[in-house]
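Colleague: Mind having a look at this structure? Questions to follow.
The values are calculated or read from the model by the stated rules, or taken from the named source; none is laboratory data. Bear in mind the structure is a predicted one, so any value in this text is a computation, not a measurement. FYI the Cβ positions are ideal-geometry reconstructions off the backbone, even for glycines, and counts take in every protein chain you see. Areas reflect the complete protein model, heavy atoms only, side chains present, ligands, DNA and RNA absent. Shrake-Rupley method; radii C 1.70, N 1.55, O 1.52, S 1.80 Å.
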Amino acid sequence: MRAALRPATAAGLALLAAGCARPSAQEHFAALQSSLLAKGGLRTEIAPADAPYDRADLERNFRLVAFRTEFPAPGDIIDERPLTKWRGALTWRMLGEERPSDRARMQALGARIAEATGLEVREAQGEEVARMLIMYLGPESRPRMRAALGARFSDDSLQMFDLWASRLWVVCYATTFQGGDGKWTSGAMIGIRDELPDLLRDSCLDEEVAQAMGLPNDDDSVRPSIFNDDEEFAFMTEHDADLLRILYDPRLKPGMTEAEAAPIVRRIVQEMTEVPARLPARAGRPAATRSGGPARALPSGRPPDPLAPHRAETERGVIAPAS
């Protein structure tokens, strides 16, 4: 089992602490979105002209995002983790307070992911078992969903759900599950707060789905990307799609370590002709992180890793491994 979460920014945490009267969740997240926009965050470009990247950037950034994780699992070397990826059709289903706009957003995102990975990405139909559950839940529906999931999944498998449901600073999260061989990703569970305003809501979908594809880490030096805690970009950029193209090259196998994959990644990147081999005047490029931008940070009292030290197999019935 792997997990990734999206914490509130430092600005958002300050909003939580400010004032005598506690704002509603909707008011808090509306203020957070406004604060991020005012500081130049949540940009909607997917190919920003002011953030060029070359093949060296892609190779470095792939290794930072694909082989690192915020929540190490048993067998990982410090914070390094082996490569994970999906195979077969990726079927998804939305539950809770989903809106037509959420489904349209996921269909568009799924098309981009399918183009980058070569996988079939589509909504599960009828009684078909979904491999990815995308839950839009408000405060009343979260306990009901927890009870329903508890009938199919162990409490250990739902610890990230519980953290997200009980801590306002966890905006959204994703947990992925591996099959019996512990290599291929066989299922995912994504939680997004229904209290979020539209742009944060859509941004959470892009980030958590993209991370569940096998790019679980955030790093402050990765740009232009949603895999960065500064919230500069709202949606999966072309840089991020290129990271998925690298990951889903058939030469890379799940379970590979960074050392095993490094020479293969270099060859793959060298073959990406649409990416510049080297950008001119690199010394004049914008800094990798923006000093004036919003910084994502956890509160100083961040709890310990909430994930139990084990790898959970996918439960059948709600999420099933590919055949």
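Colleague: For the stretch 195-216, give me the residue count where each residue is buried (at least 21 other Cβ atoms within 10 Å of the Cβ) and either among the aliphatic types (A, V, I, L, M) or in contact with a strand residue (DSSP E or B) (Cβ under 7 Å, 6 or more places away or on another chain) (or both).
Modeller: 15
Colleague: Within the stretch 231-253, how many residues turn out to be open to solvent by less than 20 Å² (accessible area, probe 1.4 Å), of a type outside the set (A, V, I, L, M) and touching a residue at least 60 places away in the same chain (Cβ under 8 Å)?
Modeller: 6
Colleague: Further question on the same structure: Restricting to the stretch 162-194, give me the number of residues that are open to solvent by 10 Å² or more (accessible area, probe 1.4 Å), aliphatic (A, V, I, L, M) and touching a residue at least 60 places away in the same chain (Cβ under 8 Å).
Modeller: Total satisfying the criteria: 2.
Colleague: In the stretch 123-148, how many are surrounded by 17 or more Cβ atoms within 10 Å (Cβ to Cβ), within 20 Å of ARG201 (Cα to Cα) and not aliphatic (A, V, I, L, M)?
Modeller: Looking only at that region, the number is 2.
Colleague: Let me ask something else. Of the residues ARG278, ARG251, ARG267, which single one is at pLDDT 50 or above, among the basic types (Lys, Arg) and outside any loop (DSSP other than H, G, I, E, B)?
Modeller: ARG267
Colleague: Tell me yes or no: at least one residue of the stretch 100-112 is open to solvent by 10 Å² or more (accessible area, probe 1.4 Å) and either among the aromatic types (Phe, Trp, Tyr) or farther than 27 Å from PRO224 by Cα (or both).
Modeller: Scanning the stretch 100-112, I find at least one residue that is open to solvent by 10 Å² or more (accessible area, probe 1.4 Å) and either among the aromatic types (Phe, Trp, Tyr) or farther than 27 Å from PRO224 by Cα (or both), so the answer is yes.
Colleague: Let me ask something else about it. Between a residue in the stretch 111-129 that is part of a helix (DSSP H, G or I) and any residue that is surrounded by fewer than 20 Cβ atoms within 10 Å (Cβ to Cβ) and of a type in the set (A, V, I, L, M), which pairs come within a Cβ distance under 6 Å, given they are 6 or more apart or on different chains?
Modeller: From residues that are part of a helix (DSSP H, G or I), the pairs are ALA116/ALA241.
Colleague: If you don't mind, there's one more thing I want to ask. Exactly one condition in (1) surrounded by fewer than 19 Cβ atoms within 10 Å (Cβ to Cβ); (2) over 17 Å from the mean Cα position of the chain (by Cα); (3) within 24 Å of GLN33 (Cβ to Cβ) is false for ARG152; which is it?
Modeller: Condition not satisfied by ARG152: (3).
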